[in-house]
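Okay, so here's the structure we're looking at.
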Amino acid sequence: MLAKLRIKNTALAAAVGIFAILFIAGSVMYPNFLSLRVLLNLLINNAYMIVLAGGVCFTILTGGIDLSIGAVVAMTSMIAASLLRSGMNAYLVIAICLLTGVVFGTVQGLLIQYFGLHPWIVTLAGMFFARGACYLISVEAIPIKNQAFYNISQFKLYLGPGRFISLNVIVALVFLALCLYLAKFTKFGRTTYALGGNRQSALLMGLPVARTKILVYTFSGFSATLSGLMFTLYTLSGYGLNANGAEMDAIAACVIGGVSLYGGIGSLFGPFIGVLVAGVIRTMVDFQGTLSSWWTKIFVGTLMLFCIVLQAVIVEREKARKADAQQKKRKKKEPAPAELAEAKS
Amino acid sequence: MRETPTVKKGDVVLSMRHIAKYFPGVKALDDVQLDLRAGEVHALMGENGAGKSTLIKVMTGVYERTSGTVTLHGQDINPKTPQEAQDLGISTVYQEVNLCPNLSVAENVYIGRQPMRFGQIDWHRMNADAVKLLESLDIHVDVTKTLDSYSVSVQQMIAIARAVDMSAGVLILDEPTSSLDSNEVAQLFAIIRHLRDQNMAILFVTHFMDQVYAISDRITVLRNGRYIGEYLAKDLPELDLVTKMIGQKFVDANTQAHRPSKDYSTVRFVRMEDISKRGLVHDFSMAVRAGEVLGLAGLLGSGRTEVAELLFGVTHFDDGVIYVGNDEVKRMNPRKALADQLGYCSEDRKVSGIVGDLSIRENIMLSLQAKKGLRRIPLKKQQEVAQKYIDLLDIKTPSMEKKIGDLSGGNQQKVLLARWLATDPKLLILDEPTRGIDINTKREIENLIVKLSRQGMAIIFISSEYEEMVRTCDRIIVLRDRHAVGELTDNQISQDNIMKVIAGGVAQ
């Protein structure tokens with residue numbers, strides 16, 4: 001299936017290129033950078049972000065946004081940790097958490113669709129709500145000592161001696177495949193693109209606009225809790241300050257990966273690449289050792305600006321090219337009133 | 001195309017009888033008939049506000065009719081949503097391309113009803129189907145490319161392909177040509193003829209006279225929501241059609257009654273030379289002199305307003321030159337126009353004119369303030385200016401601090417005029433300044449136009465009411481299909497001649 005995915009999106013191609021350049025640069029600058037372990041760690045450390053970005057990508061494709069996802073990650077970690085502390089079965093906790101996300105997202109979607117509210121406002125409120133709910137549960141971090149949960153977190157798939165990926169990575173990759181499939185091969189996915197392309201047209205073409213608009217927030221909420229669970233497995237604790245600003249990282253990943261914030265344009269492969277690009281920068285900062293972690297933010301910020309400008313330039317060029325082509329085409333042809341007059345007689 | 005009852009050419013496929021549609025206080029349609037026949041292109045004609053769009057909206061389920069019957073293939077139907085009408089097989093292509101630019105051509109044709117295989121979209125079959133459908137309509141495009149890689153005309157054809165594929169023999173084309181150039185129109189017509197020959201019943205709405213006669217077999221005329229008649233296109237000369245649409249017998253003798261004396265200077269204040277804007281105006285030239293009232297006449301959509309907007313820099317022209325005085329202007333914008341002492345009183349005062357929540361004084365001051373820049377004009381001065389124009393134009397209001405939104409239409413129009421007069425323009429463009437206002441105010445405004453021009457102001461006057469153009473203008477340029485098709489001067493200025501030129505004739 002992946003082979004079928006032609007990279008039509010120039011911005012995405014650029015992101016892939018940037019990733020490659022950064023990785024090569026890292027390999028040249030730092031010994032030991034070029035290794036399977038670095039690559040696998042990249043996936044392990046960013047697995048939850050891959051899921052988060054993939055989920056929010058659908059809302060962005062409709063021309064919307066979901067700002068609540070970072071807070072939902074924290075809320076999920078708190079719910080999971082507190083329920084586990086009370087002795088609940090680990091699998092039941094996971095199911096409850098995922099359900100919370102589905103409900104949370106759906107409610108946001110319903111508000112956006114049926115009250116005509118701007119997604120920005122609704123999900124901002126959702127963000128405050130989820131963040132607040134964390135502290136309602138506990139103002140302090142809750143460590144997780146549940147054995148079953150611990151066992152899940154320790155699952156490793158060995159690819160070679162000392163080289164492994166965690167369960168989170170497997171989940172993230174399966175999730176990525178799911179996103180790609182949803183976007184390309186289901187009516188839901190195509191309607192998502194149509195909505196982002198031209199909402200009015202989507203309505204007039206008889207597409208299920210309302211349903212799709214709600215469902216993207218349902219999906220985003222679901223992915224946020226899934227991501228939250230992965231984050232909890234990763235840190236083995238719940239804390240209200242977890243994943244602070246993660247929604248912005250996720251949105252940035254989408255933009256770097258060539259997903260247009262205006263909606264309708266971008267591949268689900270984009271957020272994945274975007275996350276990896278940001279991850280590589282972080283790894284490089286780590287390798288340097290002397291740089292503060294804020295450098296990551298500065299790099300990612302610069303990069304995002306670069307990506308947006310690149311998109312704008314490409315779009316402008318494309319427009320100009322088309323206009324030229326049409327002008328040329330028109331000049332070639334004979335003026336048509338003759339044809340009209342002919343038809344008239 | 002989906003299964004339809006077999007029809008012969010000329011059979012009535014869709015019939016609307018005694019259709020009425022009332023909105024609160026307005027009879028938008030009153031006892032209107034329309035019969036669409038298989039294998040015919042039927043043009044629906046009428047001026048703006050005649051009820052064409054309302055009729056189409058009734059047919060396509062956007063509006064519910066107040067009374068009357070609609071039958072499709074002999075069955076009574078009453079679609080309540082566009083979707084329902086679509087499901088019944090009434091397909092519509094709108095003026096704006098209603099497709100998604102970011103999706104592929106094939107997807108645009110089939111989205112919402114994609115071929116599925118094993119529960120997933122069968123892209124392979126969808127693309128193949130799209131190629132087959134488009135080839136059958138003689139449209140040759142790469143169906144896997146995104147829609148926005150093609151020109152508007154091709155997009156419009158793809159919209160038609162989608163509509164045809166979902167249709168049960170009825171196709172409604174609601175001004176599909178309004179953003180196309182003549183080549184593209186010809187291509188579109190080839191497709192329409194092709195569909196007609198396949199016994200589709202096609203309803204075609206347009207503002208362009210040429211196009212009506214080029215493509216349609218039958219014409220139904222509406223006027224003021226009333227049914228005027230159904231005619232065979234070949235039996236209805238253009239002049240008669242215009243007469244029926246406008247509903248005036250134009251033998252008005254007093255054409256010269258209020259015309260100003262022509263003592264305008266020979267200095268051409270503004271010139272437009274070969275101004276073109278793709279899809280809006282084609283090779284338009286004119287010059288207007290100080291002290292002259294120049295009229296732009298033509299049916300709605302003929303390019304009148306577009307010329308005004310190009311001149312004032314609301315839209316930017318692709319080709320040509322504008323001269324203001326002796327200065328060549330390559331790119332006009334409203335700020336520059338204002339600085340060059342141009343004023344533009346726009347067509348729809350509600351949308352682009354008045355600021356309803358501001359007071360009369362504030363509305364009058366807007367343009368002057370914009371011209372003066374950021375430094376606030378002192379209140380005292382503002383009051384002086386406002387009072388001057390309230391008196392001059394006889395604006396009826398208890399106070400200049402009243403909200404403009406509370407005034408009557410005529411008085412709002414006067415405030416708009418005052419706004420521009422306050423900037424002391426050398427050229428004032430008035431686009432439909434008298435629309436929707438009472439007859440007395442109309443006369444007042446006409447008189448004011450004449451008076452201003454005598455004081456040396458150049459005025460461009462646009463109106464749908466030829467009678468008032470004849471009364472006020474020194475010269476009239478007639479537009480049709482985005483071209484200037486004639487110019488009337490002196491004794492030529494009469495309603496009769498305006499209509500003749502619009503209908504494609506020559507003035508006498």
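Is it true that B:A128 is open to solvent by 30 Å² or more (accessible area, probe 1.4 Å) and either facing chain A (nearest Cβ under 10 Å) or part of a helix (DSSP H, G or I) (or both)? Walk me through it before giving the result.
On the way: open to solvent by 30 Å² or more (accessible area, probe 1.4 Å): yes; either facing chain A (nearest Cβ under 10 Å) or part of a helix (DSSP H, G or I) (or both): yes.
So B:A128 fits the description; yes.
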Identify all residues within the stretch B:197-216 that are over 28 Å from B:H282 (Cβ atoms) and touching an Asp or Glu at 6+ places or on another chain (Cβ under 7 Å); write none if there are none.
B:A201
Between a first residue in the stretch B:394-415 that is touching a residue at least 60 places away in the same chain (Cβ under 8 Å) and under 22 Å from B:E432 (Cβ atoms) and a second residue that is outside any loop (DSSP other than H, G, I, E, B) and open to solvent by 70 Å² or more (accessible area, probe 1.4 Å), which pairs have beta carbons less than 8 Å apart while being 6 or more apart in sequence or on different chains?
none
Which condition does A:V275 not pass, out of (1) of a type outside the set (S, T, N, Q); (2) assigned to a helix (DSSP H, G or I); (3) open to solvent by 40 Å² or more (accessible area, probe 1.4 Å), if it passes all the others?
(3)
Between residues in the stretch A:247-272 that are open to solvent by 10 Å² or more (accessible area, probe 1.4 Å) and residues that are among the acidic types (D, E), which pairs lie under 9 Å by C-beta distance while being six or more apart or on different chains?
A:E247/A:D66; A:I251/A:D66
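Within 30 Å of B:G51 (Cα to Cα), open to solvent by 60 Å² or more (accessible area, probe 1.4 Å) and either modelled with pLDDT of 85 or more or assigned by TED's automatic domain parsing to the domain that holds B:N497 (or both): does that describe B:R268? First the steps, then the outcome.
Values: within 30 Å of B:G51 (Cα to Cα): no; open to solvent by 60 Å² or more (accessible area, probe 1.4 Å): yes; either modelled with pLDDT of 85 or more or assigned by TED's automatic domain parsing to the domain that holds B:N497 (or both): yes.
The answer is no for B:R268.
For the stretch A:211-222, enumerate the residues that are in contact (Cβ under 8 Å) with a residue 12 or more places away in the chain and open to solvent by 30 Å² or more (accessible area, probe 1.4 Å).
A:K213, A:L215, A:F222
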Would the stretch B:60-71 turn up any residue that is open to solvent by less than 10 Å² (accessible area, probe 1.4 Å), touching a Leu at 6+ places or on another chain (Cβ under 8 Å) and either among the basic types (K, R) or modelled with pLDDT of 90 or more (or both)?
yes
Test: residue in the stretch A:166-185 that is open to solvent by less than 50 Å² (accessible area, probe 1.4 Å), outside any helix (DSSP H, G or I) and not hydroxyl-bearing (S, T, Y):
no
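I need a count of the residues in the stretch A:181-192 that are more than 8 Å from chain B (Cβ to nearest Cβ) and in contact with a Ser or Thr (Cβ under 8 Å, 6 or more places away or on another chain). Don't jump to the end; show me each part of the working.
As a first pass, look at the stretch A:181-192 and keep what is more than 8 Å from chain B (Cβ to nearest Cβ): A:182-183, A:188-189, A:192.
Narrowing further to those that are in contact with a Ser or Thr (Cβ under 8 Å, 6 or more places away or on another chain): A:183, A:188, A:192.
So the count comes out to 3.
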For the stretch B:202-214, which positions are modelled with pLDDT of 90 or more and β-branched (V, I, T)?
B:I202
When you check A:S86 against the structure, is it of a type in the set (G, A, S) and open to solvent by 60 Å² or more (accessible area, probe 1.4 Å), yes or no?
yes
Exactly one condition in (1) surrounded by 18 or more Cβ atoms within 10 Å (Cβ to Cβ); (2) at pLDDT below 80 is false for B:P398; which is it?
(1)
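Restricting to the stretch B:188-245, name every residue that is part of a strand (DSSP E or B) and not aliphatic (A, V, I, L, M). Talk me through it step by step, then tell me what you get.
Of the stretch B:188-245, the ones part of a strand (DSSP E or B) are B:201-205, B:218-223, B:226-232.
The answer is B:F204, B:R218, B:T220, B:R223, B:R226, B:Y227, B:G229, B:E230, B:Y231.
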So is B:A386 surrounded by fewer than 17 Cβ atoms within 10 Å (Cβ to Cβ) and within 24 Å of B:I449 (Cβ to Cβ) or not?
no
Subset of the stretch B:336-382, residues within 26 Å of the chain's Cα centre (by Cα) and open to solvent by 40 Å² or more (accessible area, probe 1.4 Å), comes to B:E347, B:D348, B:K350, B:V351, B:S352, B:V355
May I ask you to say which residue of A:L178, A:L195, A:L167 is within 20 Å of the chain's Cα centre (by Cα), within 14 Å of another protein chain (Cβ to nearest Cβ) and closer than 30 Å to A:G240 by Cα?
A:L178
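The values are calculated or read from the model by the stated rules, or taken from the named source; none is laboratory data. All figures in this text were calculated on a predicted structure; none of them were measured in a lab. Quick reminder, even Gly has a Cβ in these numbers, built from the backbone with ideal geometry, and neighbours come from all protein chains shown. Side chains are part of the model used for accessible areas, which takes the heavy atoms of the whole protein and leaves out ligands, DNA and RNA. Shrake-Rupley method; radii C 1.70, N 1.55, O 1.52, S 1.80 Å.
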